[in-house]
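Engineer: What follows is a structure written as structure tokens; I'll ask about it next.
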Amino acid sequence: MRCLRKRSAVSFLGLLVICLLFMNLYIEDGYVLKGDKQLIRETSTHQLNSERYVHTFKDLSNFSGAINVTYRYLAGTPLPRKKYLTVGLSSVKRKKGNYLLETIKSIFEQSSYEELKEIAVVVHLADFDLPWCDSMVRDITQKFAHHIIAGRLMVIHAPEEYYPILDGLKRNYNDPNDRVKFRSKQNVDYAFLLNFCANISDYYVMLEDDVRCSKNFLSAIKKVITSREGSYWVTLEFSKLGYIGKLYHSHDLPRLAHFLLMFYQEMPCDWLLIHFRSLLAQKDVMRFKPSLFQHIGYYSSYKGAENKLKDDDFEEDSFDIPDNPPAELYTNMNVFENYDASKAYSSVDEYFWSKAPAVGDYFVIVFEKPINISKIKVSTGTEDRQNDILHHGALEVGENIGWSKKGKQCATYLRLGEFQNGNFEIADVKHKVPFDIHCIRILATRTQKEWLIIRSVSIWTFQPVNQ
């Protein structure tokens, strides 16, 4: 994994935009890797100037279809039915350390029996050292035989003959040749993994082979997906490190596989994933906290170099993700730039920011239908702006929805308490409120000089949002 460099990539972005346009314009049948292998090699080993690029792209064509690769099943068999989530990871031989077995163990141990019914784990042993692959398969089948028999675990291998040229590639970013070869092959490794996983489940999450999972991570992911129903997204992120914890719709996997294969030598995989997301019109990062996956490897798969990166947002037990039912948000505060009210209610790492509120200013959440709430938590301020909190405020819940000059509001409110040091939290709400709640109102009870950041409004209900 590498931190994103500040180096400009404007020209390459322009090229990628052209790529997306042709993805949509030239949808034909029959992208067969065998038949066009030489063409791919020629395309990948030359600068993609516009005329040559357009001609080649027409020939490669179908970016929604599968890449024709004959995989070796090293363990497990094709699944009899589609699952909810596929967990995909690719692994190669390391000079120091091996964390693959620990990663697989964590995936299964941190999942309940009911969750295991909805999960498929696909491991791509992507090393060209076949004796090493055979040795790893023996270890995996010995330790996880019952998961293989139950159809939850498959181990695959894409033969070397399907790979494009990996020597003499462009040295972008002044990387040494061996680094270029390593990251370029890694892109192809993941492309073949994504291609294999395209029809196994509804969703796909990408991991590395040195990861620890949080408890009940599937239930947490399902909760987030449910909260995003009706909204457009390409990538949901459950870790801030590299390509760990990146979630996709399975129907996007063929395009992503082709994308990685087309630009395999240009840049590292995590950079390409960012461009893919942007090209499919998801402008903002949608990253959720707490992180569900933690990097545990000490030695990198590249030359055994030390890699001590850790995700400080990871929590071992992160099942307590709020429900935040569908709602409309209103405020009369002076919003700063685009830090609008909805950003405080999102599970994404964003916030609402307004100029100094006056006494009586409000921030209102109006639910689509009355709900039973078990817990409410509101946090204001951030680590770098610790004084932009609600210094004097109250939280109220309301019923009897209606329209007023202030917008959609409840007719009556019940005060549940005051903010303390910029925060508010209350549990067991159902037993303190004698009605189903239609509104939540945050009220400034005194004028303050400081601006206000509402970092998050979190609501837990007694039943799933979609019921």
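Engineer: For the range 327-461, take every pair of Cα atoms, bin their distances at 5 Å starting from 0, and report each bin as a whole percent.
Structural biologist: Per 5 Å bin, starting at zero, the Cα-Cα P(r) for the range 327-461 comes out as 2, 11, 22, 25, 21, 13, 5, 1 percent.
Engineer: Continuing with this model, one more query. Of LYS117/LYS375; LYS375/LYS430; LYS240/LYS310; LYS105/LYS143, which pairs sit farther than 18 Å apart, going by alpha carbon to alpha carbon?
Structural biologist: On the way: LYS117/LYS375 30 Å; LYS375/LYS430 8 Å; LYS240/LYS310 9 Å; LYS105/LYS143 9 Å.
The answer is LYS117/LYS375.
Engineer: What do you get for trypsin sites (Lys or Arg not before Pro) in the range 89-145 restricted to DSSP loop and a cutoff of at most 16 other Cβ within 10 Å of the site's Cβ?
Structural biologist: LYS93, LYS95, LYS96, LYS117
Engineer: Still on this structure: Given the whole protein assembly as supplied and a 1.4 Å probe, what does the accessible area of TRP353 come to in Å², nearest 10?
Structural biologist: The accessible area of TRP353 comes to roughly 20 Å².
Engineer: Once you compute Rg and the Kirkwood Rh from C-alpha atoms, what is the Rg to Rh ratio for the range 117-245?
Structural biologist: 1.00
Engineer: What does the charge add up to near VAL234, with Lys and Arg as +1, Asp and Glu as -1, over the other residues with Cβ less than 14 Å from its Cβ?
Structural biologist: +3
Engineer: Let me ask another. I'd like the distance between the alpha-carbon centres of the range 436-462 and the range 369-388, rounded to an integer number of Å.
Structural biologist: 6
Engineer: Give me the percent of the accessible area of the range 327-461 that comes from carbon and sulfur atoms, probe 1.4 Å, all protein chains in place.
Structural biologist: The value for the range 327-461 is 45 percent carbon and sulfur by accessible area.
Engineer: How much net charge surrounds ASN177 when only the other residues with a Cβ under 10 Å from the Cβ of ASN177 are counted, with Lys and Arg +1 and Asp and Glu -1?
Structural biologist: Its environment carries a net charge of 0.
Engineer: What accessible area per residue comes out for the range 327-461, rounded to a whole number of Å², with a 1.4 Å probe?
Structural biologist: On a per-residue basis, 49 Å².
Engineer: Rg over Rh of the range 72-295, using C-alpha atoms and the Kirkwood radius, what does it come to?
Structural biologist: 0.94
Engineer: Turning to a different aspect of this structure: Counting heavy atoms of the protein chains only and a 1.4 Å probe, report the per residue accessible area for the range 72-295 as a whole number of Å².
Structural biologist: Computed with neighbouring chains in place, this is 36 Å² per residue.
Engineer: How much of the DSSP bridge set in the range 72-295 is antiparallel, in percent, rounded to the nearest 5?
Structural biologist: Beta bridges within the range 72-295, antiparallel portion: roughly 40 percent.
The values are calculated or read from the model by the stated rules, or taken from the named source; none is laboratory data. Please read these numbers as outputs of a predicted model, since none were measured by experiment. Cβ coordinates were reconstructed from backbone atoms using ideal geometry, including for glycine residues, and neighbour counts include every protein chain displayed. Remember, those area values only see protein heavy atoms, side chains included, never the ligands or the DNA or RNA. Shrake-Rupley method; radii C 1.70, N 1.55, O 1.52, S 1.80 Å.
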